[in-house]
Amino acid sequence: MRAAVLGLLVGTCWLQTRATLPDTATALLLLAGAAGLFWLSWCARRAARFAILCSLVAGAALGAGAAALQAQQRLAPELPLALEGRDIDIVGVVDSLPQTFERGVRFNFRVEKTPAGIAIPPRIALSWYAQDSGAAPLAVAPGERWQLRVRLRRPHGNANPGGFDYEAWLLEQGVRATGSVRPAGASVAAASDDAASNASNRRLTEFVPGFSSIIERTRARLRDRMQAALAGRPYAGVIVALVIGDQRDISAADWKIFNATGVGHLVSISGLHITMIAGLFAGAVSFLWRRSFFTRAQLPLFLAAPKAAALAGALCALLYVLLSGFGVPAQRTLLMLAVVALAMWFGRATRVSHVLCLALAVVVLLDPWAVLWPGFWLSFGAVAVILYAGAGDLRHLRPRQAWRDSLRSAVRTQYAISIGLAPLTLLLFSQVSLVSPVANALAIPVISFIVTPLSLVGSVLPQPLGGMVLVAAHQVTAWLAVFLQWLAAMPLAMMSAPAPAWWMFALALAGMLWMLAPRGWPVRSAGLLLWLPLLLNQPSAPTQGVTMTALDVGQGTAVLIETASHRLLYDTGPWYTPEADGGNRVILPYLRARGIGALDMLIVSHNDNDHSGGAVSILTQMQVGRTLSSLEEGSPVVRAATNHFRCRAGQRWEWDDARFEILHPDDGEYLRGRKPNARSCTLKISVGTRSILLPGDIEAAQEARLLAEAPRKLRADVLLAPHHGSGTSSTVKFLDAVQPGLAIFQVGYRNRYRHPKADVVARYDARGIATWRTDQSGAVRIEVGDRLNSSAWRREQPRYWHGR
């Protein structure tokens, strides 16, 4: 069984790395082959090695075939290209827990009715923005039927090394289009004659009965109760996450502390919480059942108390998992508890490893995209490590010293998890918490046995009693947060390293198995030696010349320049929301994946949101040696910088074999007081006879001034298209002076400015200039030295769901 499950996992993972899907015939052939190999394995079960090999290959074929068929089915409904950006009136039902944000609300929408002749995917994700910035959040509840005017586009997300794959996440959720709710307008495609006559967005039905609607409406009401009881309290989002699994109200600052201390797995409905609640409920039912609920019914004569307790625990776990949103850790725990309950019901002993393998197989078969997310590997990895290390085994407790043995077992379990998951954590996040064992030693019992039960009870008790219990849970969380903040502030709280190569990870994994081997294994501490390549891994850097990485931040600019021993970041991408910007969502994850912990210089070209939006996040979360910008002294970016200077034409410096020079703005540009674009810091980088030009958002007037004042300095092999390819830049004379061989348009997918303009792109094409677009290619990497080499992330790492 274990070999088959391992093969199933390998086959599923293999498919999720493919650029194209096998066709239906090939997928069915794989399934047929899997069936044949399983039959052969059964027939040859006495030849153990051959049977294991057959099971392994059969599992791989089953995983690849089943995942391919599911992917084909999931990708089948798609938004026609002709409908992107078109206003359409539709009717449907709110199909998820709405998320309220500063400017509106987000939710999934199950489409029921569309205009005649128009095909729209059955499940879409919508954002509804308030018309007035100060307006109250729109009231949308799960299960409501609405008529809405929407503007849709195909699933699309930023594509960067080390970044979150938004398109894969949407595919897993069954969401095949995203968009926004539009104000009522004039001519649109309408879902019905009534819609055409009354085009305003309006609620049609208060509640549409259905299993999903009931679950999501229940979650929404519980969330509303908790938010009302904990209004204005800093850790209300944590309490909500523990009850219904919705983590979206936890602030970025709190997540930073939770991740730094390694307790992020507790700030949700984890497997530990489900097991604990199910166990408590099963124990209570067993106690009451044995006593027939203090009646004369003699219930144990009809059903044995252990069976009643197993059934009650499984049902409790199911209810809690439904409230959680059915995440991977919750799925795994529910399946394991269900198998244990069935074993108890039928009086069959079950190996824990078999339970784990069965849970893994069911999760992978039902959700083949689960293997793409860190939670899957950490969830199953933690249980596997505990089983391998023999931690948590309480079968040999000595009655008089049970508490000591239990404490020893708990310490052994925490040690096993800390050692066992460290290589995997570094592989997935490029950092690991060194204070995690200490933090979890306190956080696990506090969250699991105090905060979570209080939160669950408080969420269902009538007011004001429920509110008092929730406040008590919040207060305990606040006390715990003080301890976690103290740990996170320690200088060595986190260890960072670049994402390891496969052989480094394999060696560290072998070292982990050596260190956690059973007693009697020789020199277990020697396993740490196999960790050395992982621990001593250093960030990669060009041996000569310059490497330029234009990150995909949407409609904005962010370019990392690297020499052999220095790094410069040019612009920081846009500001998205108060909790998210190009700095903390794209740039910092990329730098961490590379193991880069400091920047020698940050240049913020000008004060437009799409260039400076992520600067504060960079300056507050990463060491920056020097900051250049054209921003005013009162800017938040300038205040956050510890060593700030204004960029001025004529500034020069050299790093390794590269020369850097600011070409614009001059002092007169600051005095003229024009819009920020005119003051964009224009940087030229030269390596030997090759060069890069980063002009920011300069427009035709500034291009003309550069042509008049420094025409010879404009020649460059690589050009970052001025102002994202707008119609006000990239003039003919400017392009003729620069004569680039390669140009990059950093633009957002279907951005509202329609950058790059078609006539501007034609201007580049007419001169034989090769172009990259980040909305189509993802992050672009260019190596400038003796030769000019370029590559794009979507071409290096193509996936079958990209662009679908």
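The values are calculated or read from the model by the stated rules, or taken from the named source; none is laboratory data. From a predicted model like this one, the values you see are computed outputs, not experimental measurements. Virtual Cβ from ideal backbone geometry, glycine too; neighbours counted across all protein chains shown. Heads up: the accessible areas ignore ligands, DNA and RNA and are worked out on the full protein's heavy atoms, side chains in. Shrake-Rupley method; radii C 1.70, N 1.55, O 1.52, S 1.80 Å.
Computed with a 1.4 Å probe on the full set of protein chains, the accessible area for residue 167 sits at about 10 Å². Residue 388 exposes around 100 Å² of accessible area when a 1.4 Å probe is run over every protein chain in place.
Per atom type, region 574-660 shows carbon and sulfur on 46% of its accessible surface, probed at 1.4 Å.
Return the percentage of antiparallel bridges among DSSP beta bridges fully within region 473-613, rounded to the nearest 5 %.
So the antiparallel bridges in region 473-613 amount to around 75 percent.
Take the Cα of residue 18, step 7 Å along the line toward its Cβ, and report every residue of region 340-373 whose backbone nitrogen sits under 19 Å from that point. In region 340-373, the label zone of residue 18 (backbone N under 19 Å from the point 7 Å along Cα→Cβ) covers 364-373. FRET efficiency for the pair residue 203 and residue 523, taken as 1/(1 + (r/R0)^6) with r the Cβ-Cβ distance and R0 = 51 Å, rounds to 0.15.
Could you work out the local net charge near residue 761, counting Lys and Arg as +1, Asp and Glu as -1, over the other residues with Cβ closer than 15 Å to its Cβ?
Numbers: positive: 754, 757, 763, 767, 773; negative: 759, 765, 775.
Here the count lands on +2.
Can you return the lysines within cross-link range of residue 733? Criterion is Cα-Cα under 20 Å, with same-chain partners fewer than 8 residues away left out. Cα-Cα hits under 20 Å: 684, 713, 757. Net charge of the neighbourhood of residue 705, taken over other residues with C-beta under 11 Å away and scored Lys/Arg +1, Asp/Glu -1, is -4.
Test of understanding: extend the Cα→C-beta vector of residue 173 to 7 Å, then name every residue of region 90-108 with backbone N under 19 Å from that spot. Residues 92-108 qualify, since their backbone N sits under 19 Å from the label point.
Determine the calculated [θ] at 222 nm for the chain from helices alone, applying -39500 (n - 2.57) to every DSSP H run no shorter than 4 residues and normalising by the residue count; nearest 500 deg cm²/dmol.
Taken over the chain, the calculation gives -14000 deg cm²/dmol.
Only Cα pairs under 8 Å and at least 6 apart count here; give the relative contact order of the chain as a rounded whole percent. Averaging sequence separation for qualifying contacts and normalising by length gives 10 percent for the chain. Converting phi to 3J(HN,Hα) with the Karplus coefficients 6.51, -1.76 and 1.60 and the offset θ = phi - 60°, region 150-156 yields 10, 10, 10, 8, 5, x, 8 Hz in sequence order, with x at every glycine or proline. So, with a 1.4 angstrom probe, what is the percent of accessible area on region 1-154 that is carbon and sulfur? Its accessible area is 62 percent carbon and sulfur atoms.
Quick check on the chain: take the gyration tensor over C-alpha atoms, sort the square-rooted eigenvalues as a ≥ b ≥ c, and tell me if it's rounded (a/c under 1.5), prolate or oblate.
Prolate shape, in that a/c is at least 1.5 and a/b is the bigger ratio.
Take the Cβ-Cβ distance between residue 482 and residue 212 as r, set R0 to 41 Å, and report the resulting FRET efficiency rounded to the nearest 0.05. Efficiency computed from Cβ-Cβ geometry: 0.55.
With 0.36 nm allotted per residue and the present C-alpha distance subtracted, the residue 295-residue 35 stretch has 88.3 nm of extension available. Take the Cα of residue 670, step 7 Å toward its Cβ, do the same at residue 503, and the gap between the two points is 5.3 nm. Charge tally around residue 183: other residues with Cβ under 10 Å, Lys/Arg +1 each, Asp/Glu -1 each, net +1. Entry note, region 1-116: relative contact order of 28 percent, from Cα contacts under 8 Å with a spacing of 6+ residues.
At a Förster distance of 41 Å, what's the computed FRET efficiency of residue 789 paired with residue 280, Cβ-Cβ distance as r, to 0.05?
0.10
Here the accessible area is traced with a 1.4 Å probe on the protein chains. For region 209-335, carbon and sulfur cover 67 percent of it.
Could you give the length gained on full extension between residue 130 and residue 544, defined as 0.36 nm per residue of separation minus the Cα-Cα distance, in nm?
Residue separation times 0.36 nm, minus the Cα-Cα distance, leaves 143.9 nm.
Evaluating 6.51 cos²θ - 1.76 cosθ + 1.60 at θ = phi - 60° for every residue in region 331-348, the Karplus couplings come out as 4, 4, 5, 4, 5, 5, 5, 5, 5, 5, 4, 5, 4, 5, 5, 9, x, 10 Hz, glycine and proline recorded as x.
When you restrict to C-alpha pairs under 8 Å that are six or more residues apart and normalise by the size of region 701-804, the relative contact order lands at 21 percent. Only beta bridges with both residues in the chain are counted; by DSSP, about 70 percent of them are antiparallel.
Only protein heavy atoms count here; under a 1.4 Å probe, residue 767 has an accessible surface of about 90 Å². Of all aspartates and glutamates in the structure, those lying under 20 Å Cα to Cα from residue 675, and not within fewer than 8 positions of it along the same chain, are 571, 608, 610, 632, 633, 666, 667, 697, 699, 703. How many angstrom lie between the Cα centre of region 603-650 and the Cα centre of region 718-746? About 24 Å separates the Cα centre of region 603-650 from the one of region 718-746.
Rolling a 1.4 Å probe over the protein heavy atoms gives the chain an accessible area of 46 Å² per residue. Once you charge only the Cβ atoms, +1 for Lys and Arg and -1 for Asp and Glu, what is the size of the charge dipole of region 696-804 about its Cα centre, to the nearest 20 debye? With Lys and Arg at +1 and Asp and Glu at -1, about 380 debye.
The Cys residues in the chain with no partner Cys Cβ within less than 4.7 Å of their Cβ are 13, 43, 54, 316, 357.
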